[in-house]
């Protein structure tokens, strides 16, 4: 019996010692929250995500980034709405339309890089007025935001209605760019990354969409494309959303300041030559500065009014006014 007591006492002593040892060890930190970020395979958000992961900026800001590679923008929106990603890249108008329908989406800016109207180096087209009677390719269709801004600027600055004064052809960016290079079009209004490709091939920009916006009194610093997420998710996951936006800001500042960062992400850029690489880098950098949330709201209201006036409800997703609470974080609590 005494032997049994001795063994029991020994076990109790061992357990007590183990507990005391464990108490002296630093507590193991909880795993950081995982954030599922939908990015296009060749999209510019993947460049930023690569910088975040390369420098462990997600760990630094208290979350774990989980990039989800998507086929296209629509796939990103579907993934967000289905709840299989936490954040997707889209525009603030998508967030506005969904918010008006009762889906409380919020938007934080990523890029305000604009495209422009491109033409040949020796083309006589120098202003919007010079497009009268010429063939103009337009990407994105009749309700594309850039096209509506350019039309409004044409009316305001040159009293020209480009939709009727020019021979407008709608199509995909690669197709219209090829037609411009082959001389089948006089000019093309295209997105910034395709404008960079055309510049690297020796073409020039007649006018940028940013210049057209500025002519209409709209700040070109509004983030046309940004991070879209559900407000309810963000309110319940402040560590993750605040950490992500801080890490994104850090990554963008690195891309703004360091050429070495660009060399590291060049394999993701699909830039076959140095000229295109430099054009993509410089155009991306030009789109990094942003208005704050209050500024975003003000500029978006100005732009929304122009889009609605120029293109009607079709251009604004069927809504007549911007709902409150779109731009994170200002005013989101009231949404």
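For residue 136, are the conditions met, namely being outside any loop (DSSP other than H, G, I, E, B), on the phi < 0 side of the Ramachandran plot and assigned by TED's automatic domain parsing to the domain that holds residue 152? I'd like the intermediate steps shown before the answer.
Values: outside any loop (DSSP other than H, G, I, E, B): yes; on the phi < 0 side of the Ramachandran plot: yes; assigned by TED's automatic domain parsing to the domain that holds residue 152: yes.
Judged against the criteria, residue 136 is a match.
Would you pick out the residues in the range 31-49 that are more than 17 Å from residue 242 (Cβ to Cβ), more than 10 Å from the chain's Cα centre (by Cα) and part of a loop (DSSP other than H, G, I, E, B)?
Of everything in the range 31-49, those that are more than 17 Å from residue 242 (Cβ to Cβ), more than 10 Å from the chain's Cα centre (by Cα) and part of a loop (DSSP other than H, G, I, E, B) turn out to be 31, 41, 42.
Residue under question is residue 150, and the condition is that it be assigned to a strand (DSSP E or B) and either surrounded by 23 or more Cβ atoms within 10 Å (Cβ to Cβ) or without any contact (Cβ under 8 Å) to a residue 60 or more places away in the chain (or both); does it hold?
On the way: assigned to a strand (DSSP E or B): no; either surrounded by 23 or more Cβ atoms within 10 Å (Cβ to Cβ) or without any contact (Cβ under 8 Å) to a residue 60 or more places away in the chain (or both): yes.
No.
With within 20 Å of residue 93 (Cα to Cα), in contact with a helix residue (DSSP H, G or I) (Cβ under 9 Å, 6 or more places away or on another chain) and either modelled with pLDDT under 95 or not in a strand (DSSP E or B) (or both) as the only criterion, which of 129, 113, 156, 163 stands out? Spell out how you get there, then give the answer.
Working: 129 fails: within 20 Å of residue 93 (Cα to Cα); 156 fails: within 20 Å of residue 93 (Cα to Cα); 163 fails: within 20 Å of residue 93 (Cα to Cα).
Result of the check over 129, 113, 156, 163: 113.
Which of the residues belonging to the range 172-190 are under 16 Å from residue 115 (Cβ atoms) and crowded, with 18+ Cβ neighbours inside 10 Å?
Going through the range 172-190, the residues under 16 Å from residue 115 (Cβ atoms) turn out to be 172-177, 180, 185, 187-190.
Across the range 172-190, the qualifying residues are 173, 176, 177, 180, 185, 187, 188, 189, 190.
Name every residue in the range 278-288 that is in a helix (DSSP H, G or I) and surrounded by 15 or more Cβ atoms within 10 Å (Cβ to Cβ), in order of residue number. Steps first, answer last, please.
The initial filter retains those residues of the range 278-288 that are in a helix (DSSP H, G or I), namely 278-286.
Listed by number, the residues that qualify are 278, 279, 280, 281, 283, 284, 285, 286.
If a residue must be over 15 Å from residue 98 (Cβ atoms) and touching a strand residue (DSSP E or B) at 6+ places or on another chain (Cβ under 7 Å), how many such residues does the range 292-328 contain?
Number satisfying all stated conditions: 3.
Restricting to the range 81-106, what's the tally of residues that are in contact with a helix residue (DSSP H, G or I) (Cβ under 9 Å, 6 or more places away or on another chain) and assigned to a helix (DSSP H, G or I)? Break it down into steps so the answer makes sense when it comes.
Taking the range 81-106 first, the residues in contact with a helix residue (DSSP H, G or I) (Cβ under 9 Å, 6 or more places away or on another chain) are 81, 83-94, 96-99, 103-106.
Subsequent filtering for residues that are assigned to a helix (DSSP H, G or I) retains 81, 92-94, 96-99.
The total comes to 8.
Would you confirm whether any residue within the range 319-331 is touching a helix residue (DSSP H, G or I) at 6+ places or on another chain (Cβ under 8 Å), surrounded by 21 or more Cβ atoms within 10 Å (Cβ to Cβ), assigned by TED's automatic domain parsing to the domain that holds residue 55 and in a helix (DSSP H, G or I)?
Scanning the range 319-331, I find no residue that is touching a helix residue (DSSP H, G or I) at 6+ places or on another chain (Cβ under 8 Å), surrounded by 21 or more Cβ atoms within 10 Å (Cβ to Cβ), assigned by TED's automatic domain parsing to the domain that holds residue 55 and in a helix (DSSP H, G or I), so the answer is no.
Does residue 199 satisfy the condition of being touching a residue at least 24 places away in the same chain (Cβ under 8 Å) and surrounded by 20 or more Cβ atoms within 10 Å (Cβ to Cβ)? Break it down stepwise before answering.
Details: touching a residue at least 24 places away in the same chain (Cβ under 8 Å): yes; surrounded by 20 or more Cβ atoms within 10 Å (Cβ to Cβ): yes.
In short, yes.
Would the range 172-189 turn up any residue that is part of a loop (DSSP other than H, G, I, E, B) and in contact with a helix residue (DSSP H, G or I) (Cβ under 6 Å, 6 or more places away or on another chain)? Give the steps one after another, and end with the answer.
From the range 172-189, those part of a loop (DSSP other than H, G, I, E, B) are 172, 182-186; that's our starting set.
After this cut, where a residue has to be in contact with a helix residue (DSSP H, G or I) (Cβ under 6 Å, 6 or more places away or on another chain) as well, the list is 185.
Taking every residue of the range 172-189 in turn, at least one turns out to be part of a loop (DSSP other than H, G, I, E, B) and in contact with a helix residue (DSSP H, G or I) (Cβ under 6 Å, 6 or more places away or on another chain).
Could you list, in sequence order, the residues of the range 254-277 that are free of Cβ contacts under 8 Å to residues at least 24 places away in the same chain and either in a helix (DSSP H, G or I) or farther than 19 Å from residue 200 by Cα (or both)?
Of everything in the range 254-277, those that are free of Cβ contacts under 8 Å to residues at least 24 places away in the same chain and either in a helix (DSSP H, G or I) or farther than 19 Å from residue 200 by Cα (or both) turn out to be 257, 258, 259, 260, 262, 263, 266, 267, 274, 277.
The values are calculated or read from the model by the stated rules, or taken from the named source; none is laboratory data. Since we're looking at a predicted model, the values are computed, not measured. For neighbour counting, all protein chains shown are included, and Cβ atoms are generated from backbone atoms with ideal geometry for every residue, glycine included.
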